[in-house]
Amino acid sequence: MWRGLWTLVARAARGPRSPRPCTRQGSGVPVPGSGTTIFALSSGHGRCGIAVIRTSGPASGHALRSLTAPRDLPPARSACLRLLSHPRSGEPLDRALVLWFPGPQSFTGEDCAEFHVHGGPAVVSGVLQALGSVPGLRPAEAGEFTRRAFAHGKLSLTEVEGLADLIHAETEAQRRQALRQLDGELGHLCHGWAGTLTKALAHVEAYIDFGEDDNLEEGVLEQANSEVRELQLALGAHLRDARRGQRLRSGAHVVVAGPPNAGKSSLVNLLSRKPVSIVSPEPGTTRDVLETPVDLAGFPALLSDTAGLREGAGPVEQEGVRRARERLEQADLILAVLDASDLASPSSRNFLDTVVAPAGAGSPNGNSQRLLLVLNKSDLLPPGGPDPSPNLRPHLLLSCLTGEGLDGLLEALRKELAEVCGDPSTGPPLLTRARHQHHLQGCLDALGHYTQTKDLALAAEALRLARGHLARITGGGGTEEILDIIFRDFCVGK
Amino acid sequence: MFSLRNCGLWVAASLTKKRLTLARFSGDSAAPLATKFDVIVIGGGHAGTEAAAAAARCGSRTLLLTHRVDTIGQMSCNPSFGGIGKGHLMREVDALDGLCSRICDQSGVHYKVLNRRKGPAVWGLRAQIDRKLYKQNMQKEILNTPLLTVQEGAVEDLILTEPEPEYTGKCRVSGVVLADGSTVHAESVVLTTGTFLRGVIVIGLEMHPAGRLGDQPSIGLAHTLEKLGFVVGRLKTGTPPRIAKESINFSILNKQTPDNPSIPFSFISETVWIKPEDQLPCYLTHTNPKVDEIVLENLHLNSHIKETTRGPRYCPSIESKVLRFPNRLHQVWLEPEGMDSDLIYPQGLSVTLPAELQEKMITCIKGLEKAKMIQPGYGVQYDYLDPRQITPSLETHLVQRLFFAGQINGTTGYEEAAAQGVIAGINASLRVKRKPPFVVSRTEGYIGVLIDDLTTLGTNEPYRMFTSRAEFRLSLRPDNADSRLTFRGYKEVGCVSQQRYERASWMKSSLEEGISVLKSIEFSSSKWKKLIPEASISIGKSLPLRALDVLKYEEVDMKLLATAVPAPLKKYITCRELAERLKIEDWGC
């Protein structure tokens, strides 16, 4: 959708093919869709306590006055209680909080009004119908508020994407991540890089177009080269962080594994607070991988229940075991479950040797895999008795039956997942979209070409490519921007 | 949505205006009818000459109207053509069989390719030109072009009639009214009036109306265009003083010598008219703090600088250089104006101070201590028409069959003007024949970049070409302009001569043949290394290398290859251009 918007804005900027308006256009990009006023229910559909209805456009003030007649507009940006009534029939609709945001200091940059009404479907549809009866108002199309905010320069493209994430944020951590992106932190970072790159490119372009005829200062090219090198380092460091951001958006993969009948399915059901897996005393009950999305301590996670790892069962169960091992390799975090009362059994020992020990030592691809060792069925241990396994690596005691130890497990999960996903409230902003990562990588690759190329026109082309990649995140990057820098930084001309 | 709404408003407004305009011109139709032409070109500058010649080459009976025939081909500013970006434009004009490149090959006094070290995509062909020779050669060319009539006369007005319903535009131009009241009819009209629309010349606090020093501005025409509803803007530019050659002490200055051999501008020139050793040098000097001082102390005497009209950010006056970049030494190139000219053009010293202060400033500069100023520098302010009012074929949206080219569209520079002239002339002719317009896209040439920038973005400063404006810079090179445009010009338009077409075809087939020969020669890497020790070929590779692969090494050119493998390759180095193009082009795998 945003790609479509780009072409739309680009087309608007280039103007129509045949007769153009003969007035001198302002410097800004013509704003699509301005003129009409739109309204929509901005909170979710369905029954809820409060529903928020918004309008944006020049007739917002008129609409607000029409519904709250005979009273005048409330003061800007402060909540007021008003009786809403239908502008035609005068029929009262609801007592509601109303807010008035005169443009340009509003979300879209246009005049906006908000109606915080009671959330019943009858009230909401009544107010929407009343707004529809005000001349000059029409229902908004999907995403139109954000589009207007973007068109008025209120949101950058990264902020728009951040907002889309915010709307779909299902968990607290995702909300924080989305909020940070909306604040434009990724945008600021990218804008900083884009600024450096544009300047370097402008200096190379100046050297090409004016280096021979005009007296550019010494070392223009050398300075551009060192800026490119710094940018390579910064981008490289940021990209190494990138996968964490992605994991946060789609959820970390948490795999529950262990020998048969250790209580894996019980743990999955406990964590997801619903009966995902069938639980029975019979070993080998779970044969396939069962997945369920859960909120683990504020982080989105995909929880997988797997077949108990053992040899020599029937072909169906063997396939289940194969799938379980495959899933273990992809896991961001392994919850290894053992029966606390059965640690000495061959299947337990085998599991400790083949799964738990390697995870601690680091996996073959170099990244050590995270693992939490959980000893279930603590209710079967003699109360107050000694630790059943003093030689084991750090572990947690849990009883899925009584719920004892669950708080400790959740706290440990929170710590582990914060590491896996990256805590969005600390550290540099993460790359939550594959698209961002793609373009940053493209930018970095192009910078590599720049440093390796001798022909200056070819090298400049690599910089242009790199700038183009960043422009896909931040916008900008046009020729005029380059020329502006050239003429600001150099005294060129004859 | 926004623009559509405005369009509605515009249509309403234009309809009311149309009635007014037509009423105004109906009286003129009674005037005696002069000869009828296919295309009339108004203006004999760099855009006008190219437009008139191009329309005539396309087979249209063409009339060139100019104030004075003896100013045709006048270089009113710097005595040079080409440069980085501008040289690209000249190559493209030449590929469409335009005039300026050929005339430059017959009139230059110092040929030099800029950016030689920076890659062939950004090489800038440039030459200092003898003003007198250029004018003579251009007039000879124009006055001998078949189908082209040249007539003196000042155009006061346009004759307008009902629009053709199948095209946009509120009316159609069908001829012009001259100052003496006579009329000339034509199917298309190209306007290339340069700085003559309400032109004003400024020296110090003095301002007087003029299109160029000593020439009357066009006021009536400016009035007409405004009445038609064209949006008009104002721009300014300037030119430096001229200095007596014998009063300059060249012996203490840096001397710049021309290239040897000289590279001609035109694809069909084998060489230029003058040997390198007979060419004239240029000299370099610099401004100093004394110059800054004089400029800053006398800003109150300088109305050109005080005005808010936009001047160029490049090619700025010495005043704006001093104001924007203080405490620096600015370059001043001392350029010859011609073989037997006594004048030197101090490039970089464009100034509008009162004349006596200009002389005082000049004599502060190294080498110019005893310099005699022959003519003061001056500023020009003039009207231009917002180029967003024209289509990519340079026809106006408002008036059918009316074309604009050159400075009237907000550009600066001979080459930019010539490029628009060729396109306007071709399209004025095509329009008469009811053929589809000839449009060069951004992917095909700098001409396309120029026109696309102007017609979609407009400009608020005099627009000049730079290579940084071209997105497809690597493929829009000076060397391959013929392969991009000559065939199109020949087949689609007919503006290209048979001789040029055959030359371009020969080059194309020779390149193709050369590539297949280069692909066919295969040796082991160790044998190549022995044949061409200069090349950094790594010997370890087991696969054989083709000559084409070896040519990709930076340090290998056709000459080296032909020395190593003379038998099939020798014939490809007899033509310098062919050998160079085999090396430059990316022939893929």
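Some observations on this one:
- Remark: spin-label model distance A:His449-B:Ser509 equals 3.6 nm, labels positioned 7 Å along the Cα→Cβ axis.
- Cα convex hull volume per residue for the stretch B:435-589 (Å³): 152
- Rg of the Cα atoms in the stretch B:55-151, relative to 2.2 N^0.38 Å, amounts to 1.19.
- Residue-averaged beta-carbon neighbours from other chains (10 angstrom radius) around B:386-394: 2
- Stretchable slack from A:Gln129 to A:Glu419, in nm (0.36 nm times residue separation minus alpha-carbon distance): 99.5 nm
- Crossing angle, helix B:414-432 versus chain B [Cα axis fit, 0-90 degrees, rounded to tens]: 70
- Cα shape, chain B, gyration tensor, a/c 1.5 rule: oblate
- Pairs from B:Lys112/B:Lys132; B:Lys86/B:Lys321; B:Lys112/B:Lys140 whose Cα-Cα separation, in the structure shown, is over 30 Å: none
- Residue-wise HN-Hα couplings along the stretch B:285-300, as the Karplus relation 6.51 cos²θ - 1.76 cosθ + 1.60 with θ = phi - 60° gives them from phi, are 9, 9, 6, 8, x, 4, 5, 4, 4, 4, 5, 5, 6, 10, 4, 5 Hz; Gly and Pro carry x.
- Inter-label distance, nm, simple model (7 Å from Cα along the C-beta direction), B:Lys140/A:Ala357: 9.8
- The stretch B:46-117 and the stretch B:168-205: distance between their alpha carbon centers, rounded to Å: 21
- Averaged over the residues of peptide A:199-209, the number of Cβ atoms from other protein chains lying within 10 Å of each residue's Cβ is 4.
- Cβ-Cβ FRET estimate between A:Gln441 and B:Leu329, R0 fixed at 56 Å, reported to 0.05: 0.80
- The percentage of C-alpha pairs in the stretch A:263-331 whose separation is greater than 13 Å is 62%.
- Kirkwood radius, the stretch A:78-143, all distinct C-alpha pairs, inverse of mean reciprocal distance: 12.9 Å.
- B:Val41 long-range amide H proximity, modeled H, under 5 Å: B:Leu63, B:Leu64, B:Leu65, B:Val190
- Inter-chain Cβ neighbour count for B:119-131, averaged per residue, equals 3 (cutoff 10 Å, partner chain atoms only).
- Exposure proxy shown here: for A:Leu456, A:Leu380, the number of other Cβ atoms within 10 Å sets the order, fewest to most, as A:Leu380, A:Leu456.
- Rounded to the nearest 20, the Cβ-based charge dipole of the protein assembly as shown about its Cα centre (Lys and Arg +1, Asp and Glu -1) stands at 1600 debye.
- Nitroxide proxy distance, nm - points 7 Å out along Cα→Cβ at A:Thr402 and B:Thr168: 8.3
- Between B:Gln375 and B:Arg242, the built amide H atoms are under 5 Å apart, and every one of these is 5 or more places off in sequence or on another chain.
- Packing rank of B:455-466, A:126-137, where each peptide gets the mean count of other beta carbons within 10 Å, highest leading: B:455-466, A:126-137
- Anchor B:Lys519: lysines whose Cα lies under 24 Å away (excluding residues fewer than 8 positions away in-chain): B:Lys508, B:Lys527, B:Lys529, B:Lys530, B:Lys541, B:Lys552, B:Lys559, B:Lys570, B:Lys571, B:Lys583
- For the stretch B:348-399 versus the stretch B:320-345, the gap between their alpha-carbon centres in whole angstrom: 12
- Square roots of 5 times each gyration tensor eigenvalue, C-alpha, the protein assembly as shown, largest first, Å: 68, 42, 27
- Residue-count net charge about B:Val422 - beta-carbon cut-off 9 Å; Lys, Arg +1, Asp, Glu -1: -3
- Each peptide in A:230-239, B:370-379 was scored by the mean count of other Cβ atoms within 10 Å over its residues; highest first, the order is B:370-379, A:230-239.
- Which of A:Leu309, A:Leu221, A:Leu267 has the fewest Cβ neighbours within 10 Å, and the rest in rising order: A:Leu221, A:Leu309, A:Leu267
- Under Karplus coefficients 6.51, -1.76 and 1.60, residue-wise ³J(HN,Hα) of the stretch B:580-585 in Hz, glycine/proline x: 5, 5, 4, 6, 6, 5
- Note on the protein assembly as shown: helix-only mean residue ellipticity at 222 nm, from DSSP H runs of 4+ residues weighted -39500 (n - 2.57) and normalised by residue number, equals -12000 deg cm²/dmol.
- Cut-off under 5 Å, modelled amide H: who pairs with B:Gln400 long-range: B:Lys170, B:Cys171, B:Arg172, B:Val173
- Per residue, the convex hull spanned by the Cα atoms of the stretch B:406-465 measures out at 78 cubic angstrom.
- Length gained when the stretch A:Ala69-A:Leu381 is fully extended (0.36 nm per residue, less Cα-Cα span): 105.1 nm
- Full-stretch length increase - B:Ser524, B:Asp557 - with 0.36 nm per residue and alpha-carbon distance subtracted: 10.0 nm
- Cross-link reach list, aspartates and glutamates versus B:Lys491, counting only Cα pairs under 18 Å and skipping chain neighbours closer than eight places: B:Glu92, B:Asp94, B:Asp97, B:Glu444, B:Asp482, B:Glu502
- Counting neighbouring beta carbons within 10 Å and listing from fewest to most, the residues A:Thr146, B:Thr574, A:Thr36 come out as B:Thr574, A:Thr36, A:Thr146.
- Karplus-derived HN-Hα couplings along the stretch B:103-120 (A = 6.51, B = -1.76, C = 1.60, θ = phi - 60°), whole Hz, x at Gly and Pro: 5, 5, 5, 9, 10, x, 10, 6, 9, 8, 9, 7, 6, 4, 8, 10, x, x
Each reported figure results from applying straightforward, stated rules to the coordinates on display, with no laboratory input. The structure presented is a predicted model; accordingly, all values stated were derived computationally and were not measured. FYI the Cβ positions are ideal-geometry reconstructions off the backbone, even for glycines, and counts take in every protein chain you see.
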